Amino acid sequence: KDDGALEQRKSHILDSDDPTATLWRGVAEALWQLLETVSSKTPKPPPVLDEHRLPLCADDSPLVSVQWTAAEAPRKSDSRRFVFAMLDGLQMSPRCAVTAIVLLEMLIRTRRDVFCPRSARPLVVACCVLALKLTWDAEVLTNAVFEPLEDLLTGIGPVECARMEKQVLNLLDWRVPNDPKLYELYARELVYIGLRPGQAFDPAAVPPMF
């Protein structure tokens, strides 16, 4: 995918009232809000989740890593662009996208020192892949999941992606939230914060969860 294609897709998602686009905007907004409230002054992400050590993207990627390795938060447009590229590339259903954010926020609550701009994208990638594996009925292999992302995440491969997944599970102590009401609450909130100006909240747009 080239730079122009990503921008075109981002514009479509930002301008659409489609329920999936609305929820995807909510996911991007949730990540941005988390980045704005990073509280750790001395973040200590594991090396496999640290873009200072393992940049997700080489210079040939339209999703370059440089904006994410600075101390301050990246621009909101960078956050949106990355989230939309991941959700679109992985063809994540609304239920899957909600699950990814639940995993991300649970991890941050448990290990706040791990989350910072340079670890945000590896954490999102790992949580998205784990969410796919948790929500799909069939077996999901990391190699197959990574294939549509290989032109974007040009700094890593399936092996590194699998290591990121395992690291996130270790940080979660291999405990995945299983309260249906929690997922329903997140689904509703993500739709709400993803509304465009003037767009009315439609309860029917909240995806059914587990």
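For region 15-33 versus region 127-184, the inter-centroid distance based on Cα atoms is 20 Å. The region of the chain that goes longest without hitting one of the GluC sites (Glu not before Pro) in a DSSP loop, each with at most 15 other Cβ atoms within 10 Å, is 1-71.
Would you please give the FRET efficiency between GLU189 and ASP137, computed as 1/(1 + (r/R0)^6) with r the Cβ-Cβ distance and R0 = 25 Å, to the nearest 0.05?
Working: r = 26 Å, r/R0 = 1.05.
With a Förster radius of 25 Å, E is 0.45.
Taking chymotrypsin sites (Phe, Trp or Tyr not before Pro) across region 89-147, the ones in a DSSP loop with at most 12 further Cβ atoms lying within 10 angstrom of their Cβ are TRP136.
Does region 68-192 classify as rounded, prolate or oblate by the C-alpha gyration tensor (a ≥ b ≥ c root eigenvalues; a/c under 1.5 gives rounded; else a/b over b/c gives prolate, otherwise oblate)?
On the way: a/c = 1.27, a/b = 1.09, b/c = 1.16.
Rounded shape, in that the Cα axes give a/c under 1.5.
Values of log10 I(q)/I(0) for the chain across q = 0.12, 0.14, 0.18, 0.19 Å⁻¹ run -0.57, -0.79, -1.40, -1.57, by the Debye formula with one identical scatterer at each alpha carbon and no solvent. For the pair LYS166 and LYS44 in one chain, pulling the backbone fully straight at 0.36 nm per residue adds 42.2 nm over the alpha carbon distance. With the chain treated as a Gaussian network of Cα nodes joined by springs under 10 Å, which of PRO47, PRO122, PRO19 yields the largest mean-square fluctuation? Sorting by GNM fluctuation, first place goes to PRO47. Exposed loop sites are taken as trypsin sites (Lys or Arg not before Pro) in a DSSP loop (any state but H, G, I, E or B) with at most 10 other beta carbon atoms within 10 Å; the longest stretch of the chain without one runs 42-174.
Of ILE13, ILE193, which has the most accessible area with a 1.4 Å probe, and how do the rest follow in descending order? Working shown, then result.
Numbers: ILE13 5, ILE193 45 Å².
My answer, sorted largest first, is ILE193, ILE13.
How large is the helix-only mean residue ellipticity at 222 nm for the chain, computed as the sum of -39500 (n - 2.57) over DSSP H runs with n ≥ 4, divided by its residue count, in deg cm²/dmol to the nearest 500? Walk me through the intermediate numbers first.
Numbers: 8 runs with 114 residues, N = 210.
Theoretical 222 nm ellipticity from helices: -17500 deg cm²/dmol.
When a/c is below 1.5 the answer is rounded, else prolate if a/b is larger than b/c, else oblate, so apply that to region 155-210 with a ≥ b ≥ c taken from the square roots of the Cα gyration tensor eigenvalues. Don't jump to the answer; show the numbers that get you there.
Details: a/c = 3.68, a/b = 1.82, b/c = 2.02.
Oblate.
If you stretched the chain out fully between HIS52 and THR37, how much longer would it get, using 0.36 nm times the residue separation minus the C-alpha to C-alpha distance? 3.3 nm is the gain from fully extending HIS52 to THR37.
Put +1 on the Cβ of every Lys and Arg and -1 on every Asp and Glu Cβ in the chain; which of ALA58, GLY194, ALA120 then has its Cα farthest towards the positive end of the dipole? So the residue we want is ALA120. For SER11 and ASP60, a Förster radius of 22 Å and the Cβ-Cβ distance give a FRET efficiency of 0.40, rounded to the nearest 0.05.
In whole percent, and with a 1.4 Å probe on the protein chains, what portion of the accessible area of the chain is carbon and sulfur?
51 percent
The values are calculated or read from the model by the stated rules, or taken from the named source; none is laboratory data. Because the structure is a prediction, the values reported are computed rather than measured. Every residue, glycine as well, gets a Cβ built from its backbone with ideal geometry; the counts of neighbours run over all protein chains shown. For accessibility, only protein heavy atoms count, side chains too; no ligands or nucleic acids. Shrake-Rupley method; radii C 1.70, N 1.55, O 1.52, S 1.80 Å.
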